[in-house]
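Please read the structure below before turning to the comments.
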Amino acid sequence: MAGAVVEGGRRRRADAGGAAGAGRRPDEQPHRRGTPLMRALECTPTLPGYALARLVGGARGGPFTMLRLAHRPPPELPGEGWVRLRPRLAGICGSDLAALHGHASPYLGALASSPFVPGHEVVADVSEGGGRWSAGARVVVEPLLHCGVRGVVPPCPRCAAGEPQGCESVAGDGLAAGLQSGYCAATGGGWSGEMVAHHSQLHEVPAALDDRDAVMVEPLACALHAVLRNPPAHDDRVLVVGAGTLGLLVVAALRHAARPRRVIAVAKHDGQRRLAARLGADLVCAPAEMLRTVRFETRARLVEGRAVEPFLLGGADLTFECSGTPAGLQGAIGCTRAGGTVVMVGMPGRATIDLAHAWHRELSVRGAYGYGIEAGGGLAVEPPRRTFAIALEAAQALRPGRLVDEPLPLDDYHRALARASSAGSRGLVKVAFAPGEDGG
């Protein structure tokens with residue numbers, strides 16, 4: 001292939017984006033003459049910044065702040081087939097908050113490039129077309145930066161197998177490092193006036209969906225992926241731990257795509273409990289009541305000891321852990337029956353977990369990251385389809401935009417992040433930015 005280079009035994013297109021400044025800071029990128037600067041929330045992780053963030057939060061002011069409102073050039077198009085976008089709405093995800101608060105795993109930091117503009121839950125207008133996309137189209141972004149996006153030829157084994165969420169090229173092949181748009185210095189993200197995406201990452205938004213519904217397609221795709229890859233049997237009792245955005249959407253996805261016998265949701269706040277019931281949970285309880293609720297629902301036996309957290313012998317057939325917390329994962333393991341499955345949907349970090357329960361009861365503990373291509377589950381997906389396409393259809397039935405609070409401009413990012421960090425206690429679910437309100 002002309003213009004290809006070999007890195008680590010893998011061929012990479014030189015025009016796929018790696019040559020377009022993969023190692024440069026955005027303020028060092030070649031600036032298109034006459035192009036106005038845009039506003040963007042720019043994140044620059046540093047060790048002092050992480051230390052301070054763990055104490056006071058990463059969006060506070062001061063010399064070590066990791067997030068700032070910047071005026072910077074829009075990102076360059078990395079190569080042929082890339083599209084320029086103007087975000088209409090961009091959600092604030094729990095993974096964004098974990099990174100800004102210094103709680104994200106260092107593993108994820110090694111798979112990002114900085115400074116980056118966060119924002120991977122995005123509905124946008126195409127402002128400069130490419131591929132089959134013309135200016136003016138309203139789209140959602142499927143943010144995975146896999147081999148097909150990066151121009152890596154041949155693709156890695158996971159991408160070749162149709163599992164792009166497990167791409168092995170995300171550390172920098174063909175494009176700057178980044179698992180997703182919003183964590184890659186070369187692409188930008190939705191917390192800005194402008195970003196770029198590969199034409200294959202885009203899905204047209206049906207006219208029936210408003211922007212709030214559309215910005216929820218990405219987290220809905222995550223929830224559907226978790227359910228479709230771990231489909232419950234019709235007689236199963238399913239436990240969902242955590243009722244933030246992901247937990248509530250998993251409850252909705254279970255009822256939309258799988259329909260198990262019973263769904264038990266664990267929610268910390270009153271508003272979350274009401275929403276979980278409205279979205280299809282049969283039983284809803286507070287975290288302190290989880291063991292008792294699951295015990296009586298499944299006729300399990302409660303075991304208590306002096307030096308161990310209480311746990312059940314028996315319990316749920318299938319558990320989705322959506323809080324991303326050590327306590328949530330420990331509780332999920334302790335409430336799942338022998339031979340059952342615990343699915344980690346919420347993004348975990350470093351944790352101390354007693355795994356003797358999982359070992360003795362031969363639990364399957366597995367992750368569910370992102371989305372990809374689905375070939376089974378309760379929807380009996382035939383032929384295999386992209387999770388995002390399924391999520392766009394599901395959104396028309398579920399109307400997840402009702403979970404989105406009034407969007408805020410980028411200028412008001414301190415208030416937006418404070419709202420998102422305490423959304424549950426405020427009776428909120430999803431907080432989003434409306435970058436266009438700043439004049440982009």
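What follows is calculated from the coordinates using simple rules that are stated; it is not laboratory data. A quick note: this is a predicted structure, and the numbers were derived from the prediction, not measured. Methodologically, a virtual Cβ is constructed for each residue, glycine included, from the backbone with ideal geometry; neighbour enumeration extends over all protein chains shown.
Annotations
- Based on DSSP H segments of at least four residues, each scored -39500 (n - 2.57), the chain has a per-residue ellipticity at 222 nm of -7000 deg cm²/dmol.
- Trypsin sites (Lys or Arg not before Pro) within segment 272-320: DSSP coil, no more than 14 neighbouring Cβ in 10 Å: 299, 306
- From least to most packed, judged by other beta carbons within 10 angstrom and beginning with the fewest, 37, 283 follow the order 37, 283.
- Its residues counted as N, the chain yields a C-alpha radius of gyration over 2.2 N^0.38 Å of 0.97.
- Residue exposure proxy: 133, 359, 191, ordered by other Cβ atoms within 10 angstrom of their Cβ from fewest to most, comes out as 359, 133, 191.
- In order along segment 350-361, the Karplus-derived 3J(HN,Hα) couplings, from 6.51 cos²θ - 1.76 cosθ + 1.60 at θ = phi - 60°, round to 5, 8, 9, 10, 7, 8, 4, 4, 5, 5, 5, 9 Hz, and Gly and Pro are given as x.
- Residues 345, 141 arranged by fewest to most Cβ contacts within 10 Å: 345, 141
- Separation of the residue 406 and residue 270 label points, Cα + 7 Å toward Cβ, nm: 2.2
- Interchain or long-range residues, amide H under 5 Å from residue 88's placed H: 123, 124, 125
- Residues whose placed amide H lies under 5 Å from that of residue 240, excluding near-sequence neighbours: 264, 265, 266, 320
- Semi-axis lengths, Å, segment 222-396, gyration tensor of Cα atoms, sqrt of 5 times eigenvalues: 26, 17, 15
- Panel note: the C-alpha atoms of segment 96-184, placed on their principal axes, show extents of 39, 33, 20 Å (largest first).
- For residue 323, distant residues with modelled amide H under 5 Å away: 346
- Per-residue HN-Hα couplings for segment 308-325 [Karplus 6.51, -1.76, 1.60; θ = phi - 60°; Hz; x = Gly/Pro]: 9, 5, x, 8, 10, 9, x, x, 5, 6, 9, 10, 9, 8, 10, 7, x, 9
- Loop GluC sites (Glu not before Pro), segment 303-412, which have at most 13 other Cβ atoms in a 10 Å radius of their Cβ (DSSP): 362
- Gyration tensor (alpha-carbon) shape descriptor, segment 291-367, a/c threshold 1.5: prolate
- Between segment 227-275 and segment 181-226, the Cα center-to-center distance that results, in Å: 24
- Per-selection Kirkwood Rh - segment 338-440 (Cα, Å, 1 d.p.): 17.7
- Segment 159-171 - phi-based ³J(HN,Hα) in whole Hz, Karplus 6.51/-1.76/1.60, Gly and Pro as x: 5, 4, 8, x, 10, x, 5, x, 3, 9, 9, 6, 7
- For the pair segment 62-98 and segment 333-363, the centres of their Cα atoms are 35 angstrom apart.
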